[in-house]
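For reference, the structure is listed below as structure tokens.
The values are calculated or read from the model by the stated rules, or taken from the named source; none is laboratory data. Model, not experiment: these values are computed from the prediction. Backbone-built Cβ (ideal geometry, glycine too); neighbour counts: all protein chains shown. Protein only, heavy atoms only, side chains kept; ligands, DNA and RNA dropped before computing areas. Shrake-Rupley method; radii C 1.70, N 1.55, O 1.52, S 1.80 Å.
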Amino acid sequence: MPTNQPVDRVVRIEEVPWIEAPGHHGALSKLLINPTTARRSFTTFASRRTSPKGTSKCTRTREPSTSTNILGGKGVMTLGDRTFVVEPHTAIFIPPGLAHAIDNTGLENLVFIVVNVPADELPRVDTRI
């Protein structure tokens with residue numbers, strides 16, 4: 001197989017460890033598909049879980065656009081100077097360069113899927129949760 005071609009990848013979510021990015025408190029990610037796990041992947045596909053009162057620092061990315069789908073829980077998404085209540089069945093698109101953060105305001109885990117295009121790696125600290 002030529003080395004410049006993407007490689008297929010099938011992964012079971014429970015087999016991927018949770019990680020915590022710096023500045024994200026009570027917010028964990030499972031990097032399911034990314035350039036590290038699927039050579040030459042052009043996207044990052046991650047499952048995220050933020051505990052009640054968990055927060056993520058405000059981030060502004062230069063290149064990737066981000067799509068998020070809320071699966072469970074309730075929170076507040078900040079996009080620039082606007083805030084939105086997010087809950088299941090909420091989809092969010094974040095264009096490159098827009099400052100954004102998400103905080104869990106509910107009583108249960110805020111669970112969501114994040115897709116970055118092109119692929120983006122989170123700086124992280126591995127955790128054993």
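Scalar couplings 3J(HN,Hα) for the stretch 68-83, obtained by applying the Karplus form with A = 6.51, B = -1.76, C = 1.60 to θ = phi - 60°, are 10, 10, 7, 9, x, x, 9, x, 10, 9, 9, 10, x, 9, 10, 10 Hz; x denotes Gly and Pro. Which of the GluC sites (Glu not before Pro) found in the stretch 1-108 are loop residues per DSSP with 14 or fewer other Cβ atoms within 10 Å of their Cβ? When the GluC sites (Glu not before Pro) of the stretch 1-108 are filtered for loop state and at most 14 Cβ neighbours within 10 Å, Glu108 remain.
Size check on the chain: the Cα extents along the three principal axes, sorted descending, read 47, 32, 27 Å. Of all stretches in the chain that contain no trypsin sites (Lys or Arg not before Pro) in a DSSP loop with at most 15 other Cβ atoms within 10 Å, the longest one is 63-123. The Glu63 and Arg39 beta-carbon pair, evaluated with R₀ = 22 Å, returns a calculated FRET efficiency of approximately 0.65. Among residues other than Val111 with Cβ under 12 Å from its Cβ, the summed charge is +2 (Lys and Arg +1, Asp and Glu -1). Surface exposure of the chain, expressed per residue as accessible area with a 1.4 Å probe, stands at 60 Å².
Close amide H pairs (under 5 Å, H built 1.01 Å from N) link Thr61 with Gly97, Leu98, residues at least 5 positions away or on another chain.
Accessible-area rank, largest first, for Leu31, Leu107, Leu98, Leu71: Leu107, Leu71, Leu98, Leu31, with all protein chains present and a 1.4 angstrom probe.
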